[in-house]
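Peer 1: Following this message is one structure expressed as C-alpha cells.
The values are calculated or read from the model by the stated rules, or taken from the named source; none is laboratory data. On a predicted model such as this, the values are computed, not experimentally measured, just so you know. Note: ideal-geometry Cβ built from the backbone for every residue, glycine included; neighbour counts use all protein chains shown. Protein only, heavy atoms only, side chains kept; ligands, DNA and RNA dropped before computing areas. Shrake-Rupley method; radii C 1.70, N 1.55, O 1.52, S 1.80 Å.
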Amino acid sequence: MPYVIAEPCIDEMDMSCVDECPVDCIYQGERKLYINPKECIDCGACEPACPVEAIAQDRRVRPEYREYIADNARFFTEPLPGRSESLGNPGGASLVGKIGVDTELVAAHPAG
C-alpha cells in the first residue's frame, strides 16, 4: 500500500489531499478519508497537502499509527458496517461520492 491516511484525519477531513490527487483515489468515509491502495499511483502529491500530517507512505507511518495501514486497506477489502459487500476498486472516488461510513476502528475512535 503506497500511502496511508492515519488518525490525525479523523474529524478533520480538510480535503486538500483530494484536490491534489491526480487519480481520484482518496475516498470519503463519515469521519476520515481513505486511500485506495489499488488505485493509488504512489505519486506523493497528497502528503504535503495534508495540514494535519495524517498521510505517509506505509513504510513511514509513525509507530503509534501502524494499525491504520491495515485499516486503510480494510475500508476497501471488507464489507463496511451496514453494507453487505466490500467497496473494492470502484475506479475513482468521484464516481461513488461520499461513502458515509467508516471502518470499525475509526467509528470507535472518540469524537474530537
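Peer 1: Of everything in region 21-33 that's of a type outside the set (A, V, I, L, M, F, W, C) and touching a residue at least 60 places away in the same chain (Cβ under 8 Å), which residue is most open to solvent (accessible area, probe 1.4 Å)?
Peer 2: In this case the residue turns out to be E30.
Peer 1: Filter region 34-43 down to the residues that are open to solvent by 50 Å² or more (accessible area, probe 1.4 Å) and either over 16 Å from A70 (Cα atoms) or at pLDDT 95 or above (or both) and list them by number.
Peer 2: Matches in region 34-43: I41, D42, C43.
Peer 1: Do we have G112 as open to solvent by 60 Å² or more (accessible area, probe 1.4 Å), modelled with pLDDT under 95, out of contact with any helix residue (DSSP H, G or I) (no Cβ under 7 Å at 6 or more places or on another chain) and under 18 Å from M15 (Cα atoms) here?
Peer 2: Considered against the rule, which asks whether it is open to solvent by 60 Å² or more (accessible area, probe 1.4 Å), modelled with pLDDT under 95, out of contact with any helix residue (DSSP H, G or I) (no Cβ under 7 Å at 6 or more places or on another chain) and under 18 Å from M15 (Cα atoms), G112 comes out as yes.
Peer 1: Where residues in region 1-20 are within 14 Å of A93 (Cα to Cα) and touching a strand residue (DSSP E or B) at 6+ places or on another chain (Cβ under 8 Å), which of them is most open to solvent (accessible area, probe 1.4 Å)?
Peer 2: Filtering first and then ranking leaves M15.
Peer 1: Quick check: is even one residue across region 68-91 small (G, A, S), open to solvent by 90 Å² or more (accessible area, probe 1.4 Å) and in contact (Cβ under 8 Å) with a residue 60 or more places away in the chain?
Peer 2: Within region 68-91, none of the residues are small (G, A, S), open to solvent by 90 Å² or more (accessible area, probe 1.4 Å) and in contact (Cβ under 8 Å) with a residue 60 or more places away in the chain.
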